[in-house]
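Enquirer: First, the structure itself, so that you have it in front of you.
None of the figures in this text is laboratory data; all of them are computed from the coordinates on show. The structure displayed is predicted, hence computed values, not measured ones. A quick note on method: Cβ atoms are made from the backbone with ideal geometry, for glycine too, and the neighbour counts reach across all protein chains shown.
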Amino acid sequence: MGLPFEERWFEIDEIHSGVHQASEPHMALSRDILFDTGCGVACLRASFGDRIGKPLILFKSYAHCDHIGSYGEFADDYLASRKAKLGL
């Protein structure tokens, strides 16, 4: 016999055509994840309004200006390093 929520551990939502978000609603996490911050033309943090309720972990797919442009808006949050996470 498994846990009562085992079959629906993950929730997968299509947040845009062809873009999906996977979440684990049964986990009480102390941080949220932000993957890439766009080109920095407009204020990304302000666009979230009050939807950011926890400190963030920032991930970048790669360091092109159109992926890291708004990193400076999240100076109090944690910038994840792939090398640090993999122990390299």
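Enquirer: Looking only at segment 45-69, how many residues end up being touching a helix residue (DSSP H, G or I) at 6+ places or on another chain (Cβ under 8 Å) and closer than 9 Å to ASP32 by Cα?
Expert: 3
Enquirer: Could you check segment 16-60 for strands (runs of 3 or more DSSP E) lying wholly inside it with 3 or more residues that are hydrophobic (A, V, I, L, M, F, W, C) and surrounded by 10 or more Cβ atoms within 10 Å (Cβ to Cβ)? Show your work before the answer.
Expert: Details: elements: 19-23, 32-35, 56-59.
Once the strands (runs of 3 or more DSSP E) in segment 16-60 are filtered for at least 3 residues that are hydrophobic (A, V, I, L, M, F, W, C) and surrounded by 10 or more Cβ atoms within 10 Å (Cβ to Cβ), what remains is 32-35, 56-59.
Enquirer: Scan segment 7-45 for residues that are under 14 Å from the mean Cα position of the chain (by Cα) and either over 17 Å from GLY69 (Cα atoms) or small (Gly, Ala, Ser) (or both) and jot them down. Before you say what the answer is, go through the steps one by one.
Expert: Of all residues in segment 7-45, those under 14 Å from the mean Cα position of the chain (by Cα) come to 15, 19-24, 29-38, 44-45.
Correct list: ILE15, VAL19, HIS20, GLN21, ALA22, SER23, GLU24, LEU29, SER30, ARG31, ASP32, GLY38.
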